[in-house]
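> Here it is: the structure, laid out below.
Just so it is clear, none of the values below were taken in a lab; they were calculated from the coordinates. Since we're looking at a predicted model, the values are computed, not measured. No Cβ is skipped: glycine too gets one built from the backbone with ideal geometry, and neighbour counts run over all protein chains shown.
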Amino acid sequence: MKTLFIDTSTSFLVIAFLNNQEMVYSVKKEGKNNHSDHLLNEIQIGLKAVHLDFKDLDRIIVAIGPGAYTGLRVSLTVAKMLCWTLSIPLYTISSLESLGSGFFHRDGTYILAMHAKKGFVFSSIVRIKNGLKEVLQDEGYLSLAEWQERKNAYPEAVLIHEENADWDISRLDASFFMKQESIHLVEPNYLRGEL
């Protein structure tokens with residue numbers, strides 16, 4: 001199964017191509033609110049690198065949020081358009097779980113966090129045991145004080161954020177991905193009540 005993975009929820013544009021569960025190409029490119037300028041070009045570069053065409057793709061996985069408002073819209077729009085045009089399934093993954101995906105082959109407790117607007121953080125806490133995920137704290141849009149309180153409750157946890165993130169969805173089992181039955185109805189998970 002040939003898969004394209006897209007995540008533009010953070011300051012990094014991340015794409016990867018997988019053949020079955022093996023990652024055959026990936027790129028992580030830091031941007032300044034300009035993922036829309038580079039996403040399609042980076043996908044085309046990746047397709048050439050792995051000797052594929054769009055029509056060879058079997059599915060697309062996209063990070064659905066939370067994250068940067070424009071970034072989420074860009075990646076989801078491209079993913080939906082490609083899935084609809086190619087008649088292939090669309091799968092989504094939490095942007096926070098995408099951020100930590102390269103760590104999840106090791107058992108442990110993980111605090112997943114990314115910067116939101118001034119004084120706020122998107123965060124969740126998960127425990128991985130034998131490759132299975134247990135959610136200890138649901139995704140939230142938290143003030144720094146709320147986030148610090150959550151974080152302090154798990155002193156043994158590994159903190160994962162944009163600077164030390166390891167996007168590697170090849171390490172995840174199917175339980176991390178949600179197949180979207182109606183592509184047209186999929187919306188980003190902005191997670192902020194005011195949007």
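> LYS2: which lysines have alpha carbons under 18 Å from its alpha carbon, excluding same-chain residues fewer than 8 sequence positions away?
LYS48, LYS55, LYS80, LYS179
> Something else now. Under a plain spin-label model, where a point goes 7 Å from the Cα along Cα-to-Cβ, how far apart in nm are ASN130 and GLU22?
2.8
> Right, something else. So for the pair ASP37, VAL158, with labels modelled 7 Å out along Cα→Cβ, what separation do we get in nm?
Simple spin-label model gives 3.4 nm for this pair.
> Here is a further query. Test of understanding: what is the full-extension gain from LEU86 to SER143, defined as 0.36 nm times their sequence separation minus their Cα-Cα distance?
16.4 nm
> Please give me the summed charge of the neighbours of GLU42: other residues whose Cβ is under 13 Å from its Cβ, Lys and Arg +1, Asp and Glu -1.
Local charge sum for GLU42: 0.
> Could you list the residues of segment 106-128 with an amide nitrogen less than 17 Å from a label point located 7 Å from the Cα of SER175 in the Cα-to-C-beta direction?
106-110, 125-128, by backbone N distance to the label point.
> Could you give P(r) for segment 98-164, binned at 5 Å from zero, as whole percent values over all Cα-Cα pairs?
4, 18, 30, 26, 14, 6, 1, 0
> On to the next question. Can you return the lysines within cross-link range of LYS151? Criterion is Cα-Cα under 20 Å, with same-chain partners fewer than 8 residues away left out.
Here the lysines satisfying the reach criterion relative to LYS151 are LYS117, LYS118, LYS129, LYS133.
> Mean separation of Cα pairs under 8 Å and 6+ residues apart, divided by the residue count of the chain: what relative contact order is that in percent?
Answer for the chain is 21 percent.
> Would you please classify the overall shape of segment 50-137 from the alpha carbon gyration tensor, given that a ≥ b ≥ c denote the square roots of the eigenvalues, rounded means a/c under 1.5, and beyond that prolate means a/b larger than b/c while oblate covers the rest?
Because a/c hits 1.5 or more and a/b fails to exceed b/c, segment 50-137 counts as oblate.
> Quote the FRET efficiency, to the nearest 0.05, computed for LYS117 versus LEU185 with a Förster distance R0 of 41 Å and r equal to the Cβ-Cβ distance.
0.95
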